[in-house]
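One structure below.
The values are calculated or read from the model by the stated rules, or taken from the named source; none is laboratory data. Everything numeric in this text was worked out from a predicted model, so none of it was measured. In this analysis, Cβ positions are derived from the backbone assuming ideal geometry, glycine residues included, and neighbour counts consider all displayed protein chains.
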Amino acid sequence: MREVLLGGLKVRLTGGSDGRGGGDGPAVILLHGFGAPGDDLVPLADVIQVPRGTRWLFPEAPLSLNMGFGDSRAWWIIDFARIQADRAAGRIRDLSVEIPQGLALARERLQTFLKELPRQVPLDYKKTVVGGFSQGAMLTCDAVLHTDYPFAGLVQLSGNLLAKDIWTPLMSQRKGLPVFQSHGLQDDILPNIGAERLRDALYRAGLAVEWHSFQGGHEIPDAVLRRLGPFITKRLG
């Protein structure tokens, strides 16, 4: 693995022809979630079965959080106090009607990264799968809907529908895009109903959604990883 600065973001690269992201093979770009360190998802590159020579890129969120443990990062700041209050009161928060205050800036940063990436790394977006976990999933969904890069697929691990009045009209422009989506039925961070709303909206717009629910919380279980490998292989193989 190696760490480089690409398009303004610190990125960890692995896989490829040399184990450090080298070569010109297909690529997988995965963004971590809120509060995780920048290397949180890197171990997935060693357990997900993908075509030989596939390169993995793990961008690190630019915002550093003071959460009292390790290097916690975020793509935008969220109101944890409100989440905890909703949870304590048994309220299921409908994120689909919300537009996070920092979403536009996070999108701009990711768009800059995507624009500059092929100028620094040999990469064909037609042979690239992009996605993430939790906040990283929602940011990649937002960015994909706001760009026209011909990605091979979109991965949504424990994400939710945000900003439906903005997202929904854009979805039809991505008709036919393969989407891998998974969510835990007992997720108390991002409710399953929010993931189902995203699934249904994408499906109605004509995207090819592969949906996987599981008994569990806000996580990526082994069963999901075993299914994610064939999804990526089919798009990149």
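Some notes on this structure:
- Odd one out for residue 70, checked against (1) modelled with pLDDT of 95 or more; (2) more than 15 Å from residue 130 (Cβ to Cβ): (1)
- Within region 162-174, the set of residues being β-branched (Val, Ile, Thr) and either within 16 Å of residue 30 (Cα to Cα) or surrounded by 15 or more Cβ atoms within 10 Å (Cβ to Cβ) (or both) comprises just one member, 168.
- Taking the listed residues 130, 144, the one that is surrounded by 15 or more Cβ atoms within 10 Å (Cβ to Cβ) and either part of a strand (DSSP E or B) or of a type in the set (Lys, Arg) (or both) is 130, with no other qualifying.
- Test: residue in region 153-161 that is under 28 Å from residue 14 (Cβ atoms) and surrounded by fewer than 22 Cβ atoms within 10 Å (Cβ to Cβ): yes
- Selection count, region 138-156, where residues are over 17 Å from residue 208 (Cβ atoms) and of a type in the set (A, V, I, L, M, F, W, C): 3
- Of the criteria (1) without any contact (Cβ under 8 Å) to a residue 24 or more places away in the chain; (2) closer than 23 Å to residue 192 by Cα; (3) surrounded by fewer than 14 Cβ atoms within 10 Å (Cβ to Cβ), which one residue 108 fails: (2)
- The residue pairs whose first member lies in region 176-197 and is more than 18 Å from residue 140 (Cβ to Cβ) and in contact (Cβ under 8 Å) with a residue 60 or more places away in the chain, whose second member is among the hydrophobic types (A, V, I, L, M, F, W, C) and surrounded by fewer than 22 Cβ atoms within 10 Å (Cβ to Cβ), and whose beta carbons are closer than 8 Å, counting only pairs six or more residues apart or on different chains, are 191/92; 193/92.
- Identity of the residue in region 116-127, touching a Leu at 6+ places or on another chain (Cβ under 8 Å) and not in a helix (DSSP H, G or I), that ends up nearest to residue 186 (Cα to Cα): 123
- Within the set 151, 113, the sole residue that is in a helix (DSSP H, G or I) and among the aromatic types (Phe, Trp, Tyr) turns out to be 113.
- Consider region 69-99 and keep the residues that are in contact with a helix residue (DSSP H, G or I) (Cβ under 6 Å, 6 or more places away or on another chain) and part of a helix (DSSP H, G or I). The one that is surrounded by the fewest Cβ atoms within 10 Å (Cβ to Cβ) is 96.
- Region 25-35, residues that are modelled with pLDDT of 95 or more and either of a type outside the set (Val, Ile, Thr) or out of contact with any Ser or Thr (no Cβ under 9 Å at 6 or more places or on another chain) (or both): 25, 26, 27, 30, 31, 32, 33, 34
Residue-wise test of (1) surrounded by 22 or more Cβ atoms within 10 Å (Cβ to Cβ); (2) touching a residue at least 24 places away in the same chain (Cβ under 8 Å); (3) among the aromatic types (Phe, Trp, Tyr); (4) part of a loop (DSSP other than H, G, I, E, B).
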| residue | (1), (2), (3), (4) |
| --- | --- |
| 25 | no, yes, no, yes |
| 44 | no, yes, no, no |
| 49 | no, yes, no, yes |
| 52 | no, yes, no, yes |
| 57 | yes, yes, no, no |
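- Counting the residues of region 189-216 that are within 15 Å of residue 133 (Cα to Cα) and either loosely packed, with under 15 Cβ neighbours inside 10 Å or modelled with pLDDT under 95 (or both) gives 3.
- Failed criterion for residue 201 (all others in (1) out of contact with any Ser or Thr (no Cβ under 8 Å at 6 or more places or on another chain); (2) outside any loop (DSSP other than H, G, I, E, B); (3) of a type outside the set (Asp, Glu) hold): (1)
- Criterion (under 21 Å from residue 197 (Cα atoms) and in contact (Cβ under 8 Å) with a residue 60 or more places away in the chain) met by exactly one of 135, 120: 135
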